[in-house]
Every structure is written in C-alpha cells, then in structure tokens.
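Read the structure below first, then the notes.
The values are calculated or read from the model by the stated rules, or taken from the named source; none is laboratory data. The model shown is predicted, which means the values in this text are computed figures rather than measured ones. Quick reminder, even Gly has a Cβ in these numbers, built from the backbone with ideal geometry, and neighbours come from all protein chains shown. Please note that ligands, DNA and RNA were not included when accessible areas were found on the heavy atoms of the full protein model with its side chains. Shrake-Rupley method; radii C 1.70, N 1.55, O 1.52, S 1.80 Å.
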Amino acid sequence: MPSKANKKKAADERRSANSVAGAAQIPAVNPPEDIAPEPTSSSSSNSESSSSSSPYSSVESTYPFTSDSELPGSSTSDATFDSLITDDDTNSFLYPPPAKLEHLQDFNPIEIVTNSYLMKVEPVKCYCYNVSISVKRNGMDSFELSGLTGDVRQRQRDLSEILRIACRNGEKMEKIVKVYDGATKLYTTKKLKIFQLDSINATLDQSEVPEMIRSRYFHPQNNGSFLLSVTLADVLISTDVLEETSLSICSPVTQMLRLALQEEATTIGFLISDDGNKMFDRTHIENSYGMDLVNGFGAQFKIAKGIKRKGEAHLILTYEQEQLYASGPLSNLPVNWKDLSAARSYLKGLHVQHIYSQQFFTISDVSDVPLMTIDNGKVLEKAMEQANRPGTYFNRTWPAIQVNLLNKSKGRQRSLYFPIETLKVLPDQKLPEENITAVVIDTSTRFSETRKIEEKTLLLSPNPTLSSFGMTINPEPITVEGFAVSPPTIMYNGYETILDFSRNASWLPPNNHKGTLIAPARMEKVLLLYNSSENTNKRKVDGVKTYLIKSSKQIGIIISSIDEEDLASSIVTPVEAIEQKMNSLQKLSVKPIVIYATENDNRAVYKNLKLQERLSEVVTQYISFNKFPATRPFNSNSRNILKLNVKCGGFNHRLVADESISHLWGDSSNTLIISYDVRFPDFKKSGIYEVLCTVGFGYNGTRIPEAVIGDFHYQLANNEQVDSDVLTYRAKFMLNHYLSSRKKFPDHVIIIRDEISQDQHDMVRFEEFPAIQKGIMEIFDEKKKEAPSFALLVINKRHSHQLHTTNKQGKLFFDFCFVNFITGYMYISGISNVPPLTAIDRRVVSKEGNEIIFASTTDPKINKNMRVLLITILLNENVFKTNNELTQLMAAMCCANQVFTRVVQLPETIIAAESYAKRGADLFDAYYLKCRQEDEPLPEGLDGTGGKHLDLTKLTELLSYESSCFSTTRIV
C-alpha cells in the first residue's frame, strides 16, 4: 500500500492536476427536421460510442484467460474494497460514494467480451520534475514557452528535443527511462544526476539546436539562447494508481503512466491527441491533397471494481478514426474559393507555414476581394518577388489568406494578406466538425483493425517503457457476466405486443384490425402547406395527404378535413411566406394543424416554422421528402403520424413493466422523474450580445405517469454548469405541473443529468442537485408534507466501454478463434453486438460499485453498433434497492418513446431534455435573425456599468413553452 504521506500529497495534487489530462468532447451538428429523427445525443459526434476492437493473446501467454470466475492476480494488496477506503483516503474523494446495491441476478447470464484489459502494476519509485523552458533573445526579456494544448503540438516536439539535448550535454542518460509531456512535467524511473546535481539549470545556445527549431524562435539576424530549468517536484510510487477512484481527480501517478503508455507509439511516429488519451497511426500518410483518414485507438486507465470488490487497474481500448487536413500546399485543399462563407468555415484556425519566409501563421479569414486588388496589387507584387515567379503563377481572382496579428503594446490589430500559393498546411490538424465525412465500420471490422494498430504500438506486447514504470498489460480482453433485462409489454387499446429482438428490438403498431392508440387525437382541420417556388413536387404533396388519411384511420386518429395551399410568391421569400401565413392563422378561433412539406431540408425554413409555431401557438409538422417515403408501408413509416398525435395531445402506447419498479414507473407509480441537458447553440457572438446556451428539461408531469413533456431555459454559456436560479425555478415549475396533474405529492424524485464528464460529478452533486432539491423542498415545506426520497444519476453516451459477444452463446469463445502464427495472438472470428437491454455491474465498473453499463439498442448512425450507456449513481436515498430496479427502469424508459415502435437508445426523459434544449437553440437562432432583419433589438437590460446585456428572463418568457398552450403537451 502507498505511504500515508504520499497519498495525502496525491490527494492535494489531484485538485490541481494539469488540464492535459482532461477528456475532449466534440459536439455534433444535428439535422433540422421535425419528422421524429432518431433520438440520439444533441451533442454527440465523438466516435467513442462506436464499438471498438480488442485483441487476443497468444496460446503460450503467461497470463491466464481473464474471466469473472478467475482470480485477477493484479492488485498489489489483498485488502477488500471496503478496507481500501480508510480515514486517510477521505481527502481523495470529491463526494462520498452511495451505498452499494444488490447485484444483478439471472439463471442464464451472457458471457460478454469487453474492451478492458487487466493491468498489473508493481511498486516502482519514480521521480516527477518540473520543467521550464524559456527563450532569451539578445537585448530582450526572456519569455517562457508553453506546450499544454494541441494548438502548440509542434512546440511540444520542440521542447522535447531541447530537453533531450540538454540532458545529453550534461551526462549520458540512455539507461534512465523518462517520459515528458512536452510542457511542464518530466517523469523518470531513476533520479537525474546531471552535472552531479539533482536538477538542471542550463543554457543552450541557439546554435546547439536543429535549424528547423532555431528558425521558429529566432530571426536570422538575431542571436539568443534557450534557458532550461528542471527541478525535482515529487517522488511517486507507481502502485498509487490503484488508489485512484472515479470519485477523485486524476493524480500525478495516473498522468505519468498515461505518458508511459504513449511512449512507444510516439517513438514510431504515432499522433497523440490533445488530451493524451488517443493515438493515431500516421506513419502511412502520403496524401498531400484534401483529407487524410488515420486509424487509431483510445486508451483510458480505470481503477475498476475487480473480482470480489478488489480494486483492479484496467486499460480500456477503443477503436478511433480521425480525419486530418492533408499537409502540403494550401492550394491542394479542396476549397471552393468562389464560396467565401464555406472557405472561411473550412480554413479558419488552420496553422500554416510561409513557403519562402518559413514563418508560421494561423489563418483568421479570407479576403472579401480578389488577390489582385488588395493594397493596389502590392500583396501580389511582393509574393512574385519572394517566389521569383511571374504573376501568372498565382490565381489572381482567388481571395487572399488573411492573418490577424495583435500588437499588445499598442493594443490594436493589424491584418496581413498572403496568396494561397505561398502557404503550406502544417501536419496533424483535425478537420472542423462540419466538414467531417462520416465513416462507419461494423463491429467485427473494428475488432480486427484495432488489433493491428495495437500490435504496431507494442501496447499489448512486451514493452520496455511500461515495464520500467511497473506496468504489464494482459493481452487478453476481460470477460464478464452480462444480464438480460426483461423488456416491458407494449399496450394499446385492444392490442398488446412484445419486443421482437429479431427485428431490431421493435414491435408492430396497431391497425384497424388490432386495436388503436391509447388516446388518439381528434384533428378538426389539417392544412398542408408547400411552396412550388422551392421546386416541391405536387404529386408528393398529394402522397402526404393520402398517407395521412390512411394511417390515421389505421390507428384511430380522426381528421375531419385536409386542405392544401401553395405559398409560392414572387414578392416574398419562403420564410416570409410562412410567417405571413402563420400570422393569419393566429387570429382564428379554431386553429388548424399545419404540415409544411418541402423537397429537401432547409434549416432556415425549419427554424422559422418552429418560431412561428411558438409565437402563433399553431401546431406544425415539418416534412422533407428526402426523408419521408410516403409510399412505404405504415409499419415502417409510422413515426410521422405518431408524432403528430402526441403534439395534438394524444398518447400512443403504455408499458407494463417489471413488477419490481411499479413504484417508479407505470399507472400505480408516484415518482417524479426529471432529466436536464445543456446545449450550446450555433449562434456566434456578435456585437454587444453575449453567447447563451439552452438548458433543456424533460419530466413526467402530466396525468399519465408515462407521458413525458418538457421545456427549456436560457442562460449564459459560461460553462457546463446550470445556474442555480434556473434549476430552482424549473424544479418548482415541474413539481407544480406534477401536482396539478396527479393531485398528489410524489414519494420519490429521480434526477438524471445528461452527459457530464466524470471530473464534473462533484459539481452536479454539490451545486446543481442542491438547487433542484431546494425548489422541490420549498413546495413540500410550504404544504408541510414529508420530504420525498431523492436519487441522482448521471448517464453518459460518450465513454470508453464497449460490449461484445460471440455469435454462439454457451461455449468458451476460444472455440471460435483462429491463431495468427506470426504474432501468436488469437482473434475472434464471430464477434458481434450484445443483445439489446443487456446490463453489467461486475468487475469492469468503477471500484466504488456505483456504476452500471447498460446496452440499450443498436445505433443506425454508427452502422448498427450497440449504443452503450454508462450510468453513475451519485445519490440514492433508498429509491433503488437493487441494481435490477435501476436497469428495469432504464429498459422501460427506453421503450417509452411515443414516436418510435422500437427500443430507442436513451431513456425517454433524456430524449425530451435534449430535444427541448435543441429546440430552444433553434428558436433563438430564428428569433435573432428575425430581429436583425426587422432592425429590432433583442430583449435587453442594463448592467451595473450602464452597458447592455441580453435579458435572458424576458427571452425565456417569450420563446419557451412555459406560458403557451403547449406547456402540458410534448410539442418537441
């Protein structure tokens, strides 16, 4: 066990750990459609949710096969989990772990192949050094070089080379294994003895470093040197990593081992991601045009529960792909120079080098005018002189590249312009999200591709760097027992059915021979709008009308009349035509249901339609024919009419869930379930206005316990934390809806936070949750009611865990392996997804036992790879007594979506929260553009200095559904 002193040091340092250890999350752009898109993450694009590959070991491996039924042999301590948490450990926790729940139980468990690998850690004394490297130019003050982010990845390489030269000059260090983060930390397995000292304070003349590095920091006419300082900061023991918990911040030991993990890959030329958790094979890159697709893997440390609740160190490996700008001439990139907006989006922030001066720049913009007109042609003349080329060498009608430089001393900015032909793209730069082309790979291919990459990095083979730091990784993936969660029964009026797992865990909707919807809506009039000026096909519009008539009769919906109207006009745009029409409908006593049909998606039209829906309080549905095949059978094309029924106040199906959760879900339940999510909009900061974000809420606040509604609220986009005032206000609002609909106070309140990183769990537990609890308890206290019991969950879609099984259950998967006799490793030939509604609470979950890994269903957007959710319990006041209750609730909520007739990827309240957050962002975008076009200000207020700011309270009142007729309807 680690020393008490070292444990306390680690606990203190965890709170100030370098941001390099943080995990990057990349939001995705969602399509603007209202035809019930697949309910997935509003901000998910990152491929960590994709299935990953895992390798298998040699037959002659010195490791036993690591299954649940065998001893781990990995922990350096025989202490039980409970004994690991001592008084000395309390400072390492951000929040106390909740009480452990009873394990999942089943008579026929499923053997699950995970992407976790057992990591043996032996006690090795290691040394941590602080590193500082500065540049001193003659006659000028020195300045320190920073290498903390990917924006300065080239600088990280430079700093590594400078440190290597300094160490080489002092004394030979070939026998000392060391890893450096390219910034401020150096870790070694032996104490440095440079010039017989424990630290380094050296000066390197610029002539001692390679020319390429020298040219980046010194002008040809300047002389100078690099000042290097390396001082001992701490002594670490490698086995301290076993004391890491999911409830604590990343420690220096974990950072050290992560760098050791990367060392062999870095040596052979792999690209390491900004956060240090992903490695990509760029050794094959030869392309100099367009985009380079690189394969790699993510590698995450986790101190897991292990067998018999003994802490185990696991390495989680996931397949990753990255799309990079091809390095080489900037003119080779596939940029449409005639579309300035697209060119700006593609190039802004790109790091380039001037071919002739060797200077480095970051692209700020492209010019609005052609190259030949800038500065009366002087920019072109200078480029001709530098390149020693005639004017015909340059495309003079293209724009120029603009670089904005800030003069800090004068406090002003100046712009430089360069012909496109004079610049080249620096390597290892990611394409912007909006320009990435989706590449999907099936589960088995991911499995085999990852194996090849991991072999190349020696990650699962004998690795001298890892061994020096006390780590050895078992090349066998860990297998665990998984448990099938019993699905609920689907109920309609006069018809009940069950999930068909052979048909993607779906079920058949009712038809006129077999029942109707639970509560079919009555629509007095449907107005079908289209605009022939958008080349909308009238025949397809008629097809929509036929679809509505047939499908409504099939499920019991009554539509009294359907009218069509063409909004084509030579005077106004399609957006203006919709606004005029919706304004006229607002004045009617009986408002129709509006369906707007268009040939292709138009984001501006869609957002404006939804804005007019809110302002005029007229239900709308947006249909684009490229996503609406009206000729398909109803069973495979039912979601549009089902969504319309819900918007009009109807309810489609109910569930008969497992009896163990009758108090949490179903007719006899009395539980308020609240989910919330934060979405950052597409709106960019402009003028005086701040950037805001949208907080979406989803909750079961109607008279039907299973019906989920929601709303949104605006706040400033300062960080991921939701403002306490917003949470308190919305908690009271949602509870009041519950009371007015259900006529009783809830016995339980379950709060689900959507997609928040592990290092922010304490923020959710101690800052966001108390604000929600305050709002709820104010009403309980006012009515002198006994407080409800609370549960707080975090559900993440973006994480490292992936679950697989073989095509044949009941036999050891060695029966399905073949051996690669060159490498000696085994491969699975029949790897596939686990069944939908599969749960795991064994061995690979967190050491504290407050996690469940839950596979909901396959994701059509990632080539039918399984969507796996990581559920973390932050608080449980006896709401859940067993893990079975929690997984049964998740299964029910994944079947509760009223639009799809199959299991969906996320619990219904999270889908609602994400959908309302996205809607709030769309409404603001449309309203902002409307105000600009009409030269009207947004709702404003004055701050304490007399400056203007957005009045978010008024903006929320204007655009949210709180005060509209849609407040108790699932309009999104």
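Table: residues versus (1) buried (at least 21 other Cβ atoms within 10 Å of the Cβ); (2) at pLDDT 95 or above; (3) not in a strand (DSSP E or B).
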| position | (1), (2), (3) |
| --- | --- |
| Asp781 | no, yes, yes |
| Leu792 | yes, yes, no |
| Lys811 | no, no, yes |
| Gly824 | no, no, yes |
| Pro835 | no, no, yes |
| Ala855 | yes, no, no |
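Here the stretch 592-608 is the region considered, the condition is being open to solvent by less than 20 Å² (accessible area, probe 1.4 Å) and assigned to a helix (DSSP H, G or I), and the residue that is farthest from Ser963 (Cα to Cα) is Val605. Number of residues in the stretch 374-415 that are open to solvent by less than 70 Å² (accessible area, probe 1.4 Å) and not in a loop (DSSP other than H, G, I, E, B) equals 17.
Within the stretch 867-891, take every residue that is more than 25 Å from Asp762 (Cα to Cα) and crowded, with 24+ Cβ neighbours inside 10 Å and give me the one that is farthest from the chain's Cα centre (by Cα). Walk me through how you get there before you give the answer.
Filtering the stretch 867-891 down to residues more than 25 Å from Asp762 (Cα to Cα) leaves 867, 884, 888, 891.
Still in the running and crowded, with 24+ Cβ neighbours inside 10 Å: 867, 888, 891.
Details: Arg867: 13, Gln888: 25, Ala891: 22 Å.
So the residue we want is Gln888.
Within the stretch 510-551, the set of residues being within 30 Å of Pro705 (Cα to Cα), in contact with a Pro (Cβ under 8 Å, 6 or more places away or on another chain) and either open to solvent by 40 Å² or more (accessible area, probe 1.4 Å) or assigned to a helix (DSSP H, G or I) (or both) comprises Thr516, Glu524, Lys525. Considering only residues in the stretch 300-338 that are under 30 Å from the mean Cα position of the chain (by Cα) and free of Cβ contacts under 8 Å to residues at least 40 places away in the same chain, the one that is surrounded by the most Cβ atoms within 10 Å (Cβ to Cβ) turns out to be Val335.
Can you find a residue in the stretch 894-903 that is surrounded by fewer than 20 Cβ atoms within 10 Å (Cβ to Cβ), more than 30 Å from the chain's Cα centre (by Cα) and more than 20 Å from Asp723 (Cβ to Cβ)? Within the stretch 894-903, none of the residues are surrounded by fewer than 20 Cβ atoms within 10 Å (Cβ to Cβ), more than 30 Å from the chain's Cα centre (by Cα) and more than 20 Å from Asp723 (Cβ to Cβ).
Counting only residues that are in contact with a Ser or Thr (Cβ under 9 Å, 6 or more places away or on another chain), of a type in the set (Val, Ile, Thr) and modelled with pLDDT of 85 or more, the stretch 250-295 holds 1 of them.
If the condition is being more than 16 Å from Ala707 (Cβ to Cβ) and surrounded by fewer than 18 Cβ atoms within 10 Å (Cβ to Cβ), then the stretch 734-748 contributes Asn736, Lys744, Asp747. Could you tell me whether any residue of the stretch 609-620 is outside the structural domain of Tyr927 (by the TED database), at pLDDT 95 or above and assigned to a strand (DSSP E or B)? Yes.
Among the residues of the stretch 227-249, which ones are in a strand (DSSP E or B), crowded, with 23+ Cβ neighbours inside 10 Å and modelled with pLDDT of 90 or more?
Leu236, the sole residue that qualifies.
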